[in-house]
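K.L.:
Before anything else, here's the structure in question.
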Ligand SMILES: *Cc1c(COP(=O)(O)O)cnc(C)c1O
């Protein structure tokens, strides 16, 4: 028998998430070394040494279950953001939060809204619970939050996912626009504001969404230790929101969804504000290096406020494969309805340089 037929039709219809290619896989395939991976928006300088030391120390206790209530980390986050303990929720990566928000609040027949070109996990999370996703057309590749609100109201959606900045476009909705959006939105529609790249926002783009929680009990802020904090492999993210909403998330999570090594590393990472600041500064320089380089090659890109940038290139699939042969992994974004784009994460100066010269070589060959 075909066992896939035992799964509900909405599960069978899921198109699996396509992760960036791991370095080890390309090494196996091509037998080359010195590969540069600029495909998953990871921190090119690694993690804070304080976080790594805390993770090492926590290894001594891996035979014990972690603190299922995440006391130390939730406390540290509550203090950092001036919210109460029960307004903090921990996830196995923020990916976990996104799925748990869908699981807690959506069921078959419910609707949820996101934007065209938005992070791929939203439609996956919605579909996995049998709810219906509504993708709203983007404006210049960015979220059109007014159109998203109208669609949600008109179609009776329960949940809206907003990525700010969005991945893979790097586009951004200004804080004032978000605030107006929240004020105009009926309070019975939940908003997951995914701020995975929050720490990378240039000064002039920063806004204080945590402050809005008092006014909007329907707001769920989602953040992660995977990106600027450099803890992608440990899988730890957090949500801030109304305690009743957090309570519902707690009911559907695994009892021990965040491991003890991750919790210890995250507490230490949160304290190392210098590391985050250095990461931010390195990224700004790298973003300039890469966008200047793209412009010099005559390539258009979508201006980005995150740690990656998507650029337009003829024959993107072929260029992607050629870059792999040249030892540079970037990210194809055809599955985001952007077949003529590639996304590159900002790396170290030398990695960015290697990417730009490989790209130049691939383009030159294309003309030949
Ligand atoms: C990377 C990313 C996340 C999730 O990362 P985790 O590692 O699961 O915390 C969430 N949202 C967006 C937009 C991302 O790009």
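No lab work stands behind these numbers, since they all come straight from the coordinates. All of these numbers come straight from a predicted model, not from anything done at the bench. Backbone-built Cβ (ideal geometry, glycine too); neighbour counts: all protein chains shown.
K.L.:
With labels modelled as points extended 7 Å from the Cα through the Cβ direction, what inter-label distance (nm, one decimal) is found for residue 315 paired with residue 361?
P.N.:
1.6 nm
K.L.:
Then there's this: Starting from the Cα gyration tensor of the range 99-147, take the square roots of the eigenvalues, sort them a ≥ b ≥ c, and report rounded, prolate or oblate (rounded when a/c is under 1.5, otherwise prolate if a/b is larger than b/c, else oblate). Intermediate values should be presented prior to the final figure.
P.N.:
Details: a/c = 2.66, a/b = 2.06, b/c = 1.29.
Prolate, since a/c reaches 1.5 and a/b exceeds b/c.
K.L.:
To continue, here is another question. Neighbouring Cβ atoms within 10 Å as the yardstick, rank 346, 62 fewest first. Before the final figure, lay out each step's value.
P.N.:
Working: 346 27, 62 11.
Taking fewest neighbouring Cβ atoms as first place, the list is 62, 346.
K.L.:
Answer rounded, prolate or oblate for the range 118-174, using the Cα gyration tensor with square roots of eigenvalues a ≥ b ≥ c: rounded when a/c is under 1.5, else prolate when a/b is larger than b/c, else oblate. Intermediate values should be presented prior to the final figure.
P.N.:
Working: a/c = 2.38, a/b = 1.27, b/c = 1.87.
Verdict is oblate for the range 118-174.
K.L.:
For 5, 351, which order do you get if you count the other beta carbons within 10 Å of each Cβ and list the fewest first? Don't jump to the answer; show the numbers that get you there.
P.N.:
Numbers: 5 9, 351 19.
By the 10 Å Cβ count, ascending, the order reads 5, 351.
K.L.:
Okay, moving on. For residue 215 and residue 155, FRET efficiency with R0 = 35 Å and r from the beta-carbon atoms, rounded to 0.05? The partial results should precede the final answer.
P.N.:
On the way: r = 25 Å, r/R0 = 0.71.
The calculated FRET efficiency here is 0.90.
K.L.:
I need the semi-axes of the equivalent ellipsoid of the range 223-368: take the C-alpha gyration tensor, multiply each eigenvalue by 5, square-root it, list largest first in whole angstrom. It would help to have the intermediate numbers written out before the result.
P.N.:
Values: eigenvalues 258, 66, 38 Å².
Semi-axes (√(5λ), whole Å): 36, 18, 14.
K.L.:
How high is the relative contact order of the range 151-244, in percent, with contacts defined as C-alpha pairs under 8 Å that are six or more residues apart?
P.N.:
25 percent
K.L.:
Per residue, how much space in cubic angstrom lies within the convex hull of the C-alpha atoms of the range 85-126?
P.N.:
87 Å³
K.L.:
P(r) for the range 298-367: what percent of alpha-carbon pairs falls in each 10 Å bin, starting at zero?
P.N.:
Percent of pairs per bin, in order: 21, 59, 20, 0.
K.L.:
Using Cβ contacts closer than 10 Å as the measure, can you line up 182, 106 from fewest to most?
P.N.:
On the way: 182 20, 106 23.
So the ranking, lowest neighbour count to highest, is 182, 106.
K.L.:
Now a separate question. Could you work out the relative contact order of the range 53-177, using alpha carbon pairs under 8 angstrom and six or more residues apart, expressed as a whole percent? Walk me through the numbers before you get to the answer.
P.N.:
Working: 155 pairs, mean separation 26.2, N = 125.
So the answer I get is 21 percent.
K.L.:
Projected area of the range 188-252, taken from the Cα convex hull and averaged over every viewing direction, in nm²? Mind showing how you got there, number by number?
P.N.:
Values: hull surface 21.0 nm².
For the Cα atoms of the range 188-252, the hull's average projected area reads 5.2 nm².
K.L.:
Looking only at the range 242-285, which residues have a backbone nitrogen under 12 Å from a spot 7 Å from the Cα of residue 86 in the C-beta direction?
P.N.:
242-248, by backbone N distance to the label point.
K.L.:
Per the Debye formula with a single identical scatterer at each Cα and no solvent contribution, what log10 I(q)/I(0) holds for the chain at q = 0.06, 0.07, 0.09, 0.14 Å⁻¹?
P.N.:
Debye output, listed in q order: -0.23, -0.31, -0.52, -1.27.
K.L.:
Shifting gears a bit: Label points 7 Å out from Cα along the Cβ direction at residue 11 and residue 335: separation in nm?
P.N.:
1.9 nm
K.L.:
Report the FRET efficiency, 1/(1 + (r/R0)^6), for residue 256 and residue 135, where r is their Cβ-Cβ distance and R0 is 41 Å, rounded to 0.05. Walk me through the intermediate numbers first.
P.N.:
Numbers: r = 34 Å, r/R0 = 0.83.
Once the sixth-power term is evaluated, E becomes 0.75.
K.L.:
Compute the distance from the alpha-carbon center of the range 283-327 to that of the range 58-88, in whole Å.
P.N.:
Cα centres, the range 283-327 to the range 58-88: 38 Å.
K.L.:
Counting only helical runs of four or more DSSP H residues, what would the 222 nm mean residue ellipticity of the chain come to if each run contributes -39,500 (n - 2.57) and the total is spread over all its residues? Walk me through the numbers before you get to the answer.
P.N.:
Working: 13 runs with 149 residues, N = 368.
Rounded to the nearest 500, the figure is -12500 deg cm²/dmol.
K.L.:
Let me ask another. Please tell me the relative contact order of the chain in percent, rounded to the nearest whole number, where contacts are Cα pairs under 8 Å and at least six residues apart.
P.N.:
Working: 685 pairs, mean separation 87.0, N = 368.
After rounding, I find 24 percent.
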